[in-house]
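Here the structure is laid out as structure tokens; the discussion comes afterwards.
The values are calculated or read from the model by the stated rules, or taken from the named source; none is laboratory data. As the structure is a computational prediction, the values presented were derived from the model and not from experiment. Note that we place each Cβ from the backbone using ideal geometry, even for glycine, and neighbour counts take in every protein chain shown.
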Ligand code: FES
């Protein structure tokens, strides 16, 4: 979500009975709705009920929620300065096969079958906004002016044609559902092909295809209390902002604390938007934790407007305890880099926090980076055979290679939208041989039993025969 492809490590879900609704574009005119080297779209983990949904046109809804615009009293922004820091934070894609899975579910399911077509949802760029020096928000409208429906916190898969080749990437949604515009906030990534291309080339009026919306990390399926603590770092703020704005719009009794961590003031995404929300909602409180706050004072120069509190340092047990003495009464939604999230998770566990109320989504590639680097450097050089009969592929690959990379390299039209084991787009079936998988998140037990794997999260361990369906 951002140059954000999701990979999730959601802690034990409190999904008593999530309702999986179809993601849809609503033509009523009512309200609204991340790369091998790029930041993966956020991954939410261990949720039993994946929420891969369809993106399609639907019938109008009777009414649309409205964002509160009432001016409330200035927000309370007091806190104690923190203590020590305990953590720092294919070519041949003429006929792509899209193997999205509805995945395993223990939830009440009211969803329609996944049945979208890449040609049905065309997004038109209507606005570009620079958020920070390296992140940008893209606001899209549906070509037919329909409205967007999704679950706050989810991501959308885009099909982006670059130099005649279609690339699929998943990006977190930063807007709220049931509106006629869909906003994606994307961060540039070093060597990130699609994210950087979008930032450099996508202009107002350009069209892209949206394939699906998905993501288990969302405030609809993740049962939560009325008191919440939203925690994000860097571009991880993207899905969390969608959650915050939606909750504020629909839950006037919610008590929402938002802790966002960034390197410095120039890297705070949505600063002005958070400030506006502070002015509108007395039940919303924001804290910024900056590694380096030099010059940040200028943010609060205008005393006519509410300003964001901030402090310098890293997330730590001391900071969390000082800011949120009622931590155990809250549900935590967390998104950011893996190291940051691990630190917060450790803090929660050390605080005897009930992890059933802890939901997180990371931007971590599902593949074992260390192993892949060794392979790239040639340190691991044992060859095995990859056989994909449907596409007449029989090729030598290095043992330990990422299956998705190997398939793409040899022209197999597999789609790796999130590249983080979350979206299910890369599902394929191993008919012979063995792989080592780090994620089976969107797969059902029956599919796993049948040999289905997620190519983005599996390494080739022996001679292998693979089918895309
Ligand atoms: S590319 Fe999304 S699960 Fe593999």
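Remarks
- Among the residues making up region 449-466, those that are more than 16 Å from the ligand (Cβ to nearest atom) and in a strand (DSSP E or B) are 464, 465.
- Evaluated against (1) touching a helix residue (DSSP H, G or I) at 6+ places or on another chain (Cβ under 8 Å); (2) at pLDDT below 50; (3) surrounded by fewer than 18 Cβ atoms within 10 Å (Cβ to Cβ), residue 104 falls short on exactly one condition, (3).
- Scoring residue 299 on the criteria (1) in a helix (DSSP H, G or I); (2) at pLDDT 90 or above leaves a single failure, condition (2).
- Scanning region 394-408 for residues that are surrounded by fewer than 24 Cβ atoms within 10 Å (Cβ to Cβ) and either near the ligand (Cβ under 10 Å from one of its atoms) or under 26 Å from residue 212 (Cβ atoms) (or both) yields 405, 408.
- Hits in region 431-442 (condition: within 14 Å of the ligand (Cβ to nearest atom) and farther than 21 Å from residue 156 by Cβ): 435, 437, 438, 440
- Residue in region 176-195 that is out of contact with any strand residue (DSSP E or B) (no Cβ under 8 Å at 6 or more places or on another chain), part of a loop (DSSP other than H, G, I, E, B) and at pLDDT 90 or above present: no
- Subset of region 136-172 (residues that are within 15 Å of the chain's Cα centre (by Cα), more than 16 Å from the ligand (Cβ to nearest atom) and part of a strand (DSSP E or B)): 137
- Top-ranked residue of region 409-423 - restricted to ones that are more than 16 Å from residue 467 (Cβ to Cβ) and near the ligand (Cβ under 8 Å from one of its atoms), ranked as modelled with the highest pLDDT: 416
- Among the residues of region 379-392, those identified as farther than 15 Å from residue 468 by Cα and either part of a strand (DSSP E or B) or near the ligand (Cβ under 8 Å from one of its atoms) (or both) are 383, 384, 385.
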